[in-house]
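As structure tokens, the structure follows; a few thoughts come after it.
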Amino acid sequence: LPISAVAAVLIHEAIGDQLTCVFVDHGLMRLGEAEQVVALFREHYGIPLVHVDASETFLGGLAGLTDPEAKRKYIGKTFIEVFEEEARKIGGADFLAQGTLYPDVIESVSFTGGPSVTIKSHHNVGGLPARMNMKLVEPLRELFKDEVRVLGRELGLPQAFVGRHPFPGPGLAIRIPGEVTKERCDILRKADAVYLEEIRAAGLYDAIWQAFAVLLPVRTVGVMGDHRTYDSVCALRAVTSTDGMTADVYPFDAAFLARVATRIVNEVAGINRVTYDYTSKPPGTIEWE
Ligand code: XMP
């Protein structure tokens, strides 16, 4: 959404009140993020924003889905459906603008339309259903993230938004390998918030391209006080990168990781073990799915 925010502010500068923003809230955002987005648009910019809380729809449809591509495709399809319904209500919407970036395009489909291997079907790429009769506007389609940040600053977006780590369209769904449930989203949101709080407190946020927690579908045995626990494992990921196409593991010091692990296990019910992911891209991807 920070990227969509840059696209929205840019288009608002160009066409003013002819722009209506639709925030399809799939309930898979990080802690407090939906509220921040709404506040940015409505209060900071005064750009009309329709906030659609579709979390029950999305979570309902994700029930039973475990395959990464099936999850992405379901979310992409539902995103379009929910958006379409809102656009119909608004009426007279001829264009749909999206914050698609160049790396999204390269990794999903070839920019020139030629064949290329699809690593992940990023849901914001790949066109719209023909029945929508809307023309797609993607003003950032040939830009890299660092260029969008420069543009965002130029447009006066708050640094907290412009400098924010990228967040994938399918949200926490692709950071919960296996089935996604509301309960698991809530557990992950808490762990992720602790991790990011420690990263900010250590002054490391801006040195990292992306940092996030992943909630694994594995339970391990632990001990808390004099009780046995049998809870989920959480993996921490942090990488440096310039465009998301390749990435290196961020080398935290051991004391930092130990502090985060201790806090997560103590503060987040449902997690009793924490690991750190040491895989670069390639051969790993940044997200786990
Ligand atoms: P990967 O995991 O492919 O991620 O190394 C590269 C960058 O893209 C983001 N990402 C996505 N963004 N929809 C998005 O909008 C998606 O389906 C998606 N999958 C990955 C990822 O967070 C990283 O910045």
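Every read-out reported here was derived from the displayed coordinates using simple, explicitly stated rules and does not represent laboratory data. Because the structure is a prediction, the values reported are computed rather than measured. FYI the Cβ positions are ideal-geometry reconstructions off the backbone, even for glycines, and counts take in every protein chain you see.
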P(r) of the stretch 117-230 in 5 Å steps, Cα pairs, percent per bin? 2, 8, 12, 15, 17, 16, 14, 7, 4, 3, 2, 1, 0
The chain - Rg and Dmax from Cα coordinates, angstrom: 19.4, 64
Residues other than GLU154 with Cβ under 11 Å of its Cβ, Lys/Arg counted +1 and Asp/Glu -1, net out at 0
Gaussian network model of the chain, Cα springs within a sub-10 Å range: biggest mean-square fluctuation belongs to which of ASP25, ASP243, ASP253? ASP253
By how many degrees, between 0 and 90 and to the nearest 10, does the Cα long axis of helix 145-154 differ from the longest principal axis of the chain? 60 degrees
At what distance in angstrom do the alpha carbon centres of the stretch 3-57 and the stretch 170-198 lie from each other? 22 Å
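In units of 2.2 N^0.38 Å, what is the alpha-carbon radius of gyration of the stretch 2-162?
Dividing the Cα radius of gyration by 2.2 N^0.38 Å gives 1.05.
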Degrees between helix 2-15 axis and first principal axis of the chain (Cα, 0 to 90, nearest 10): 20 degrees
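Please compute the alpha carbon radius of gyration of the stretch 181-276, then divide it by the globular-protein estimate 2.2 N^0.38 Å. Two decimals is fine.
After normalising by residue count via 2.2 N^0.38 Å, the value is 1.11.
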Which GluC sites (Glu not before Pro) in the stretch 151-239 pass both tests, a DSSP loop state and at most 14 other beta-carbon atoms within 10 Å? GLU179
Kindly express, to the nearest 10 degrees and within the range 0 to 90, the angle between helix 68-90's C-alpha long axis and the longest C-alpha principal axis of the chain. 40 degrees
